[in-house]
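Q: Dropping the structure in here first, questions after.
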Amino acid sequence: MPNLKEIRSRITSVGSTMQITSAMKMVSAAKLKRAQDAITQMRPYSNKLTDLLQSLSSSLDGSENNQYSESREVKKLLIVSITSNRGLCGGFNSYIIKSVKSIIEKQNKNSNVEILSIGKKSSEHFTKNGFKMFSVHDEVYNDLTFENISKIAETIINKFLSKEFDRVVLVYNQFKNAATQIIMNENYLPIDNTAKESTQTADYIFEPNQTEIVKELIPKSLKTQLFKAVLDSHAAEHGARMTAMHKATDNAAELKKELTLTYNKARQAAITGEILEIVGGAEALNN
């Protein structure tokens, strides 16, 4: 059994850790509220824009009118891996990394796969392990705005239109609630121009014409889609970290309780031992 000094030192250490995890939980809770508000406000706009785009583009015939939906043999694949810049959020980042590796393993051996990384955890892992990196964008979380994400989206779109990539996939955590994140493997390009079934038929008036409107909407929709994915991941990160820190705090409290009980037992045993020594010494003197 460890001595009393060692147990006291461990109790102090666990107490300090518990204070840190509790503080991190509170910080993540505050950041989660802002991130959750951002993605909640973004989703209806993004979903409506996507539905409208699909409804319009589904009636366009041929890739000449809609080159964004041109389906090609996948010889060059770009995976957009969206993780966080920081750890201490459970399996949030590792699940994305595993999902990206799974997609790569399923590709034909002749396929050329590159990774566009958003988040240090993704870029550090894939760079260290020799994966082919297209570009790294760890700085976006320093100033998470639509304008900054749009620049990344424009690069991806241009590379697809110039046929440097035949398919682009987004891999990220979708925010459901503070305790639940859903791994998304979302097709980004080519776009799916199949309109969703609807019981209502929308009667649109096109000005100047449907083709021009779709060409203007597609880039904007793709930028919005990527921005929504990053916002989803950002909110999911804070939810995962808050949950992880909550569990860590509870575990630290339980460990501190067990150590305190062990300390009290050890102290009682030490006191009992000293009393027995005193009694034994007194009996020896009497004899």
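Q: Out of all DSSP beta bridges with both ends in segment 22-244, state the antiparallel percent to the nearest 5.
A: DSSP beta bridges in segment 22-244 are roughly 40 percent antiparallel.
Q: Taking chymotrypsin sites (Phe, Trp or Tyr not before Pro) that fall in a DSSP loop and have at most 15 other Cβ atoms within 10 Å as cut points, what is the longest piece of the chain between them?
A: The longest uninterrupted stretch comes out as 1-203.
Q: Let me ask something else. Between segment 202-236 and segment 128-146, how many Å separate their Cα centres?
A: What the calculation gives is 23 Å, centre to centre.
Q: Using just the helices of the chain, give the 222 nm mean residue ellipticity in deg cm²/dmol: DSSP H runs with n ≥ 4 each add -39,500 (n - 2.57), and the total is spread over all residues, rounded to 500.
A: On the way: 5 runs with 171 residues, N = 287.
So the calculated ellipticity at 222 nm is -22000 deg cm²/dmol.
Q: A follow-up question, please. Please work out whether segment 22-244 counts as rounded, prolate or oblate from its C-alpha gyration tensor, where a ≥ b ≥ c are the square roots of the eigenvalues and a/c under 1.5 means rounded, while otherwise a/b larger than b/c means prolate and anything else oblate? Can you show the working numbers first?
A: Details: a/c = 2.18, a/b = 1.34, b/c = 1.63.
Oblate is the answer for segment 22-244, as a/c is 1.5 or above yet b/c matches or exceeds a/b.
Q: Rounded, prolate or oblate: which one fits segment 209-283, using the alpha carbon gyration tensor with axes a ≥ b ≥ c (rounded when a/c is under 1.5, else prolate when a/b beats b/c, else oblate)?
A: prolate
Q: Also: Please return the longest range in the chain lying between exposed loop sites, taking trypsin sites (Lys or Arg not before Pro), DSSP loop only, at most 12 other beta-carbon atoms within 10 Å, and leaving the sites out.
A: The longest such stretch corresponds to 1-108.
Q: Let me ask something else about it. Going through the cross-link list K33/K257; K159/K223; K101/K151, which pairs have a Cα-Cα distance over 21 Å in this structure?
A: The pairs that break the limit, which is 21 Å between Cα atoms, are K33/K257; K101/K151.
Bear in mind these aren't lab numbers, they're just calculated from the coordinates by the rules spelled out. Predicted, not measured: the structure shown is a model, and the values here were computed from it. Using ideal geometry, Cβ is built from the backbone for each residue, glycine included, and neighbour counts are taken over all protein chains shown.
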